[in-house]
Each structure stands twice: as structure tokens, then as C-alpha cells.
Amino acid sequence: MQPFETAVTFIRSIGIPVIFRKLSDPTFLPGLQIDGGCILVDKQQLQHPGDLLHEAGHIAVVPPAERTMLRQDNIGGRENHAAEEMMAIAWSFAACKHLKIDPAFVFHEQGYKGEGRNIAEQFEAGHTFGVPMLQWAGMTAEPHQSKNIGLAPYPLMSHWLRPL
């Protein structure tokens, strides 16, 4: 299975709907739109298939009661947007490792303001960010705290969707 198909199967398996359809409205990431906690994908417009995992991360890290309210036009204005962005990046890296997909699939040269490769290299070296917030949300643990709090050590995940 190709990385994109692997990602779609995984995202659906954790409970995030992925719907393929034509998108006529402008999107933040070409060919992808979050709408009501679902990811809409226009394969004709999609430029970087790995962006799908990052968008799934946005949905996965918000509190369950807020997932269905998440839309492309409200992500940036959320109260905890900066924290959720860092969490989505850390989540995306963990998903790549879990799926045995090269992190360059998500962390490509055109993403993350041209710093995709640098972010992936830093995460590979253990220099992460966002993990303490994933721990706070009950999804994983910083490796040195894993045994004490009973959560899987990052990049392993105890919960792919935020439980609280």
C-alpha cells in the first residue's frame, strides 16, 4: 500500500472521516479541508498527500466535544491554536513512525514555512515539541515520564484521539 492510502486507512480506523470530493472553495492546504471534524480531500487539487496526516492531527488533538465543530475557518482562531498546532505536528510525526512512513511524507520542503525537513530531523534526534501537551491531554507521555503516569512513551501513542 502506498503512503497516502496507508494514511487514509489509518485515519479512518481511528474514527476520523476522510471524504473524497471536489472542493470549490479556496483551502489553506491545496486539496484538503477540515469541515465538521471530517477531512475533505480533492485529489485533483492535492499537492502534498502527506498534509492529510497533519490535518488529521488537528482533529485528533482537540477535545472530543469540539471535534465536530472544527472547520478550516475556525482552527486559527481557537483559544489554544498554538498549542494544538504543536500537538498536531508531534502527532503527525508519531503517526509516520507508527505507519512506518518516511516522515518526509508529511514534513516536506514546501511545508512548515520551508522547515519540514528540519522539523523531521529534530524529531528523529529526540528534540521534540508538543509532546508535553499530548501528555497533558492523555495521549502519550514524554519517555522519561511514561512509567510513572502509565502512558506509552512518545512516539508511541496510548490514544490516537484525545480522550479528554
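Kindly check whether there is at least one residue in region 148-157 that is under 20 Å from residue 11 (Cβ atoms) and more than 16 Å from the chain's Cα centre (by Cα). Within region 148-157, one or more residues are under 20 Å from residue 11 (Cβ atoms) and more than 16 Å from the chain's Cα centre (by Cα). For region 62-95, the set of residues classified as under 8 Å from the mean Cα position of the chain (by Cα) and of a type outside the set (Phe, Trp, Tyr) consists of 87, 88, 89, 90, 92, 95, listed by residue number. Looking at region 48-100, which of its residues are among the charged types (D, E, K, R) and either at pLDDT 95 or above or buried (at least 16 other Cβ atoms within 10 Å of the Cβ) (or both)? The answer is 51, 55, 66, 67, 71, 78, 79, 84, 85, 97, 100. Contact map, region 16-43: first residue at negative phi, second residue surrounded by 18 or more Cβ atoms within 10 Å (Cβ to Cβ) and among the small types (Gly, Ala, Ser), Cβ cut-off under 6 Å, separation 6 or more or different chains; pairs are 16/56; 42/31. Pairs linking a residue in region 141-164 that is modelled with pLDDT under 95 to a residue that is assigned to a helix (DSSP H, G or I), with Cβ atoms under 8 Å and 6 or more positions apart or on different chains, are 164/64. Taken over region 105-140, the residue count meeting the criterion of being surrounded by fewer than 15 Cβ atoms within 10 Å (Cβ to Cβ) and either within 19 Å of residue 7 (Cα to Cα) or of a type in the set (D, E, K, R) (or both) is 5.
Please verify whether residue 70 is touching a residue at least 12 places away in the same chain (Cβ under 8 Å), of a type in the set (A, V, I, L, M, F, W, C) and touching a helix residue (DSSP H, G or I) at 6+ places or on another chain (Cβ under 9 Å), treating the condition exactly as stated. Yes; evaluated as a whole, the condition is true for this residue.
Restricting attention to region 1-44, the residues that are under 25 Å from residue 157 (Cα atoms), among the hydroxyl-bearing types (Ser, Thr, Tyr) and either modelled with pLDDT under 95 or loosely packed, with under 11 Cβ neighbours inside 10 Å (or both) total 1. Here is a check on your reading of the model: is residue 113 over 23 Å from residue 26 (Cβ atoms) and either touching an Asp or Glu at 6+ places or on another chain (Cβ under 6 Å) or of a type in the set (D, E, K, R) (or both)? Considered against the rule, which asks whether it is over 23 Å from residue 26 (Cβ atoms) and either touching an Asp or Glu at 6+ places or on another chain (Cβ under 6 Å) or of a type in the set (D, E, K, R) (or both), residue 113 comes out as no. Of the residues making up region 101-124, those that are closer than 12 Å to residue 155 by Cα and part of a loop (DSSP other than H, G, I, E, B) number 0. Which residue is nearest to residue 97 (Cα to Cα), if the candidates are limited to region 44-66 and must be touching a Pro at 6+ places or on another chain (Cβ under 9 Å) and without any contact (Cβ under 8 Å) to a residue 40 or more places away in the chain? The extreme case among them is 46.
The values are calculated or read from the model by the stated rules, or taken from the named source; none is laboratory data. These numbers come from a predicted model, not from an experiment. FYI the Cβ positions are ideal-geometry reconstructions off the backbone, even for glycines, and counts take in every protein chain you see.
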